[in-house]
Amino acid sequence: MLQTLRLRLPQLIIQIKAIKKGSRSMMTKPTVVLYPVAGMGHVVPMVELAKLFIRHGFAAAVVLMHSPTKHPSFDPFVARVSASNPSISFHQLPPPAESVDDPSGQSQSLLDSIPANNPQFLQFLSSYSQESDVRAVVLNFFCTDALEVTAELGLRTHFFFSSAASDLALFIYHPTMVAATDVSFGDLGDAPLHYPGLPPIPASHLPSQLMNSETVIFKKMMHVMGRLPDADAILINSFDLLETEALETLRSGACVPGRRMPNVYCVGPLVVDASGDIAERKGERPACLAWLDAQPRGSVIFLCFGSMGSFSADQLKQIATGLERSRQRFLWVVRSPPSGEGVIQPPSEPDLDALLPEGFLERTKQRGMVVKSWAPQVEVLNHAAVGGFVTHCGWNSTLEAITAGVAMVAWPLYAEQRLNKVFLVDQMKLAVAMEGYDREMVTAEEVETKLRWVMESEGGMELRERAAAMKEKAADARREGGSSQLTILEVIARDLEEYKITS
């Protein structure tokens, strides 16, 4: 496929110029409308996708649905992007007529909020399409119910899958798997499940929403997965050389037996540029970066678990004890423990003296640093002093580590992160697992052992070498003439021009 795209490059460029020239007027750019769900892990890569279209001469409009749950950093993020990227227009939909607020069920209320926003989304698109040359709508992959809106308006529709191509292969095949299975997956324990193009997946590693076939959320997730093939195309935040087998399987149609498989395009890795939006923040340089400046090259383990990742007080003490015993340099982002079941907002600022073992901060201050709640992750991962990353395996964090060339220690927490752990460890060979992540507690002994292994052993050195090699492949994919750069040209010249011809 890549060689074919390279041969077509001159033709693609000519087609793209024709799209721009053929727009409705000299004052109107061809436009892509992007529709994410209101989660930081979804909106950040969607904004990066918008920037990608803009670099190729398109206008980008990001439509923000009303959501019953919103991370406190969501609005500041949108404001920051608006200020630094005026070519991206943001449009906030008004609240639905019927409230879908449900603080007791985050995933369920998220899925409920999507169809509830459809009338407002339809009204916006109807008006916006009259003023702008809309060539396609890009929906977050959860927004399958919004297909009803784009179908009513006759707009070409793509899904943006913000996680791994391997996750997509599993999700899109899962309805077939369910039809062939007589029991709920939660009853199968660690029994291996076999999906096309993927390593064996322990049933226990499926997202919790897929465990019990009798629940409402299971049925809603099945509805979402069953409609993924209905898009005109699926854009994935990955790159061809990272997930070759999964992509070949997807493109072959093996994941949707008896159905049409839409075009699948890898347009990633789409990650925040450390020299761009984040680096433009006001104020002094974070103290953790100044601390890293004083550390030897490749000597620091970075521990960070995403915008919503947190641990119990007992688990934090185990991590601290393991860090101290390992004798490794470390930078650790600590959040307060969760305060109870169903809490969706990040907890308050942690009290480190109360949470960590007595004297830990004083004893480790010469070789470690603990920061509260947040660190500039992209900048940290790209710092020369960082040699390893203990991560929750969220896909944004995973791609940030890959593009920085940093070896990972996989400690998955929720959602599809256990699946990503399997892919990273068993298929991509870019991570080692922190054993015990699937049990009640990861012990201090395991933390100590795994950190020493990554930083000191021959196996750890080989892992770091593979991470460095994949960094180069990721960079190649994004360069001119690389697989992802050619792919976005193909999307523009083929799919978006096709809409212009047929509309």
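The values are calculated or read from the model by the stated rules, or taken from the named source; none is laboratory data. In this text, all values refer to a predicted model and were calculated from it rather than measured experimentally. Virtual Cβ from ideal backbone geometry, glycine too; neighbours counted across all protein chains shown.
Of ARG227, ARG251, ARG259, all but one fail to be among the basic types (Lys, Arg), over 21 Å from ALA180 (Cβ atoms) and surrounded by fewer than 19 Cβ atoms within 10 Å (Cβ to Cβ); the exception is ARG251. All conditions in (1) surrounded by fewer than 20 Cβ atoms within 10 Å (Cβ to Cβ); (2) under 22 Å from the mean Cα position of the chain (by Cα); (3) in a loop (DSSP other than H, G, I, E, B); (4) without any contact (Cβ under 8 Å) to a residue 60 or more places away in the chain hold for LEU241, with the sole exception of (4). Of all the numbered requirements in (1) more than 21 Å from PRO338 (Cα to Cα); (2) surrounded by fewer than 16 Cβ atoms within 10 Å (Cβ to Cβ); (3) among the hydroxyl-bearing types (Ser, Thr, Tyr); (4) in contact (Cβ under 8 Å) with a residue 24 or more places away in the chain, THR398 misses one, and that requirement is (2). Checked against (1) surrounded by fewer than 16 Cβ atoms within 10 Å (Cβ to Cβ); (2) at pLDDT 95 or above; (3) in contact with a Pro (Cβ under 6 Å, 6 or more places away or on another chain); (4) hydrophobic (A, V, I, L, M, F, W, C), ILE278 passes all but condition (2).
Within the bounds of segment 134-151, is there any residue that is over 23 Å from the mean Cα position of the chain (by Cα), outside any strand (DSSP E or B) and not β-branched (Val, Ile, Thr)? Explain how you work it out, then say what you get.
We begin by selecting, within segment 134-151, every residue over 23 Å from the mean Cα position of the chain (by Cα); these are 134-135, 148-151.
Within this subset, residues satisfying the condition of being outside any strand (DSSP E or B) are 148-151.
Imposing the further condition that a residue be not β-branched (Val, Ile, Thr) reduces the set to 148, 151.
Yes.
Among residues of segment 201-224 being surrounded by fewer than 17 Cβ atoms within 10 Å (Cβ to Cβ) and free of Cβ contacts under 8 Å to residues at least 12 places away in the same chain, the one that is nearest to the chain's Cα centre (by Cα) is LYS219.
What about ALA233, is it at pLDDT 95 or above and surrounded by 19 or more Cβ atoms within 10 Å (Cβ to Cβ)? In short, yes.
Taken across segment 413-422, residues that are of a type in the set (D, E, K, R), part of a loop (DSSP other than H, G, I, E, B) and in contact (Cβ under 8 Å) with a residue 60 or more places away in the chain do occur, with at least one present.
For segment 355-374, how many residues meet the condition of being under 22 Å from the mean Cα position of the chain (by Cα) and buried (at least 22 other Cβ atoms within 10 Å of the Cβ)? Talk me through it step by step, then tell me what you get.
Restricting attention to segment 355-374, the residues satisfying the condition of being under 22 Å from the mean Cα position of the chain (by Cα) are 373-374.
With the extra rule that they be buried (at least 22 other Cβ atoms within 10 Å of the Cβ), the set shrinks to none.
The total comes to 0.
Restricting the search to segment 61-99, which residues are of a type outside the set (D, E, K, R), over 13 Å from GLY39 (Cβ atoms) and part of a loop (DSSP other than H, G, I, E, B)? Of everything in segment 61-99, those that are of a type outside the set (D, E, K, R), over 13 Å from GLY39 (Cβ atoms) and part of a loop (DSSP other than H, G, I, E, B) turn out to be HIS66, ASN85, PRO86, SER87, LEU93, PRO94, PRO95, PRO96, ALA97, SER99. Selection of segment 164-186 for residues being modelled with pLDDT under 95 and acidic (Asp, Glu) yields only ASP182. Taking the criterion of being crowded, with 17+ Cβ neighbours inside 10 Å and within 12 Å of HIS205 (Cα to Cα), the residues of segment 402-454 that qualify are PRO412, LEU413, ALA415, GLU416, GLN417, ARG418, LEU419, ASN420, LYS421, VAL422, PHE423, TYR437. Once segment 375-395 is narrowed to residues that are small (Gly, Ala, Ser) and either free of Cβ contacts under 8 Å to residues at least 60 places away in the same chain or closer than 20 Å to GLY41 by Cα (or both), the residue that is surrounded by the fewest Cβ atoms within 10 Å (Cβ to Cβ) is ALA375.
Of the residues making up segment 124-147, those that are of a type outside the set (A, V, I, L, M, F, W, C), over 13 Å from LEU228 (Cα atoms) and either surrounded by fewer than 22 Cβ atoms within 10 Å (Cβ to Cβ) or modelled with pLDDT of 95 or more (or both) are SER126, SER127, TYR128, SER129, GLN130, GLU131, SER132, ASP133. Going residue by residue through segment 306-325, is there one that turns out to be modelled with pLDDT of 95 or more and over 30 Å from GLU440 (Cβ atoms)? Among the residues of segment 306-325, not one is modelled with pLDDT of 95 or more and over 30 Å from GLU440 (Cβ atoms), which makes the answer no.
Scanning segment 34-50 for residues that are at pLDDT below 95 and more than 12 Å from the chain's Cα centre (by Cα), which turns out surrounded by the fewest Cβ atoms within 10 Å (Cβ to Cβ)? Across segment 34-50, the extreme among qualifying residues is ALA38. Could you go through segment 13-25 and let me know if any residue there is farther than 30 Å from THR244 by Cβ, surrounded by 14 or more Cβ atoms within 10 Å (Cβ to Cβ), modelled with pLDDT of 85 or more and more than 24 Å from the chain's Cα centre (by Cα). Checking segment 13-25: not a single residue is farther than 30 Å from THR244 by Cβ, surrounded by 14 or more Cβ atoms within 10 Å (Cβ to Cβ), modelled with pLDDT of 85 or more and more than 24 Å from the chain's Cα centre (by Cα).
Within segment 457-471, the residues that satisfy the criterion of being of a type in the set (D, E, K, R) and either over 10 Å from ALA431 (Cα atoms) or over 26 Å from the mean Cα position of the chain (by Cα) (or both) are GLU458, GLU462, GLU465, LYS471. You will find that of SER82, SER99, SER104, the residue that is at pLDDT 90 or above, more than 20 Å from the chain's Cα centre (by Cα) and surrounded by fewer than 19 Cβ atoms within 10 Å (Cβ to Cβ) is SER82 and no other.
Taking segment 67-76 as the range and being over 18 Å from the mean Cα position of the chain (by Cα), surrounded by fewer than 18 Cβ atoms within 10 Å (Cβ to Cβ) and not charged (D, E, K, R) as the test, the residues that pass are PRO72, PRO76.
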